[in-house]
Amino acid sequence: MVNTQNRSPHRGSLGGLASGIHRGQRLLLGLRDEVVNAPMLPILHASPWRLRWLGIFTLVGHPLFAWIWGHWLAQPYENVSLRILVASMGLLLIAPAVSNTPASRTTGAIFVAIFWLQLPLFFSWMYLCNGGNTVWLATVGSMLLIYYHVTDWRIATVGTFTGGGLAWLLFTAWGPTPLNLTADQVAVNAVVIAFCWASALLLGVSSANMRREHLRNTMTTMGIMAHELRTPLATISLLGDAVRAESYTLKGEPAQRLDRLAGRLQQLVRNMNRQIDFQIANARLMQLPEHTEEVSAAVLVRKAIAEHPFRTSKERECVQLQVWNDFEFMGSPTLFVQVFDNLIKNALRSLAATGMPPQPGDLRIEIGARQALGRIAIRDRGLGIAGPLQPLIFEPFFSTNSGTGHGLGLTFCRRVVQSAEGTIRVQSELGHGATFVIELPATVSGNRPLAPTDPHLSLP
């Protein structure tokens, strides 16, 4: 029997206090993970077409609403010149230099600045200049929902308060008319704006959590599938070793056939493992940027060549590397090796499609740097790419090799390069091969000059 009479009266309160402290610590850790540790996503669901459509909406939307609020549903204050200035920001989002690099930090900064200027700052200014009327109260509420939808909720929160505060300062100094609101109007507007802001914040946080949870589940599933696939692949690799060992006991043609069979088995295993690694790496691009470090372009290219599963020795001999000037850049070594491997694989496939045996120099990789710009050119003498297809080859699920590709390789390459603040483009003519050019901001460049006769590596 338990004796409850001698139990300390303070023991229960101490246990409750400890439990409360524990819950508080978990809450603080959760807030830290959400606010500090979660990856920052300045552009949600970044893609070239998303940026272009937002740019078009900005370019067209402001003049349209200037007409609506100025003529059709006339408001006390409208400023056409200011509308045109804000609308012109849409041209930046449409510009290829910005829209084609949605994953880069530069594009992210431009995006954040544009939407800060045209949403919290501009809309707060218009709200104040129109006396806080019902129309602009509803417009500000809509603005908050849009703002928290297009960018990271932490960026949106900072932008909302800084933009609104600056608009208030500008209005008190240069506003066209004083803001004359009754106490009841101030209270109603404050409640409505606070409710809209809280709703937008909640939706922004929930959306971010859902995306991260989806990514975690995807990566977990892919990890399990990768493990289940690698186990039989390891068995096949061991069988290849056994076949090769058996070939050593034979002589002549039978030994050669067994050795070739073993080589094919092991090559198959390597190819399957590389495909597994590729799919996992491609999934990880959902949360760019990945782990980065200062890496050498020449080192990564040499690694990609050394690890590529060439089908024949002639195929290997056709690859020539020319380092005019090595450079270093900030990027993920694993992902960039995969980029170079994909480009080598595509070039070899194009060479094979010509029906001619590969010759030395059919695939040339050249590396150069000048000042703060490094360049890698991968050129082949294959079939080339028709002009109308060139703008499409970096789009997801588009492939020029019907039945032999999944259409994600070049998309993967572009996203990895963009995550390192670089660009990738193609120069090609049907029947005359193709050259893929990668340009990256160099952190360190050597002093060896570039070849003056090389048109692809001569940097301005």
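Things to note:
- Restricted to segment 401-422, and to residues there that are among the hydroxyl-bearing types (Ser, Thr, Tyr) and modelled with pLDDT of 60 or more, the residue that is surrounded by the most Cβ atoms within 10 Å (Cβ to Cβ) is Ser419.
- Test: residue in segment 69-85 that is closer than 13 Å to Phe111 by Cβ and among the aliphatic types (A, V, I, L, M): no
- Identity of the residue in segment 338-392, touching a Lys or Arg at 6+ places or on another chain (Cβ under 8 Å) and of a type in the set (Lys, Arg), that ends up nearest to Ile424 (Cα to Cα): Arg379
- Scanning segment 174-191 for residues that are exposed (fewer than 11 other Cβ atoms within 10 Å of the Cβ) and in a loop (DSSP other than H, G, I, E, B) yields Pro178, Asn180, Thr182.
- Residue among Ala352, Ala347 that is at pLDDT below 90, in a helix (DSSP H, G or I) and not hydroxyl-bearing (Ser, Thr, Tyr): Ala352
- Test for Leu144: is it under 16 Å from Gly204 (Cα atoms) and either touching a Ser or Thr at 6+ places or on another chain (Cβ under 6 Å) or crowded, with 19+ Cβ neighbours inside 10 Å (or both): yes
- If the condition is being over 21 Å from Glu307 (Cβ atoms) and either crowded, with 18+ Cβ neighbours inside 10 Å or in the same structural domain as Ser313 (by TED's automatic domain parsing) (or both), then segment 248-269 contributes only Leu258.
- Identity of the residue in segment 345-370, crowded, with 19+ Cβ neighbours inside 10 Å and under 28 Å from Arg105 (Cβ atoms), that ends up nearest to the chain's Cα centre (by Cα): Asn346
- Test: residue in segment 103-123 that is out of contact with any strand residue (DSSP E or B) (no Cβ under 7 Å at 6 or more places or on another chain) and in a loop (DSSP other than H, G, I, E, B): yes
- Scanning segment 58-102 for residues that are in a helix (DSSP H, G or I) and among the hydroxyl-bearing types (Ser, Thr, Tyr) turns up Thr58, Ser81, Ser99.
- Pick from segment 236-273, criterion in a helix (DSSP H, G or I) and polar (S, T, N, Q), ranking: modelled with the highest pLDDT: Gln256
- Of the listed requirements (1) closer than 22 Å to Ala187 by Cβ; (2) buried (at least 23 other Cβ atoms within 10 Å of the Cβ), Thr101 misses just one: (1).
The values are calculated or read from the model by the stated rules, or taken from the named source; none is laboratory data. Predicted model only: the values in this text are computed from it and were never measured. A quick note on method: Cβ atoms are made from the backbone with ideal geometry, for glycine too, and the neighbour counts reach across all protein chains shown.
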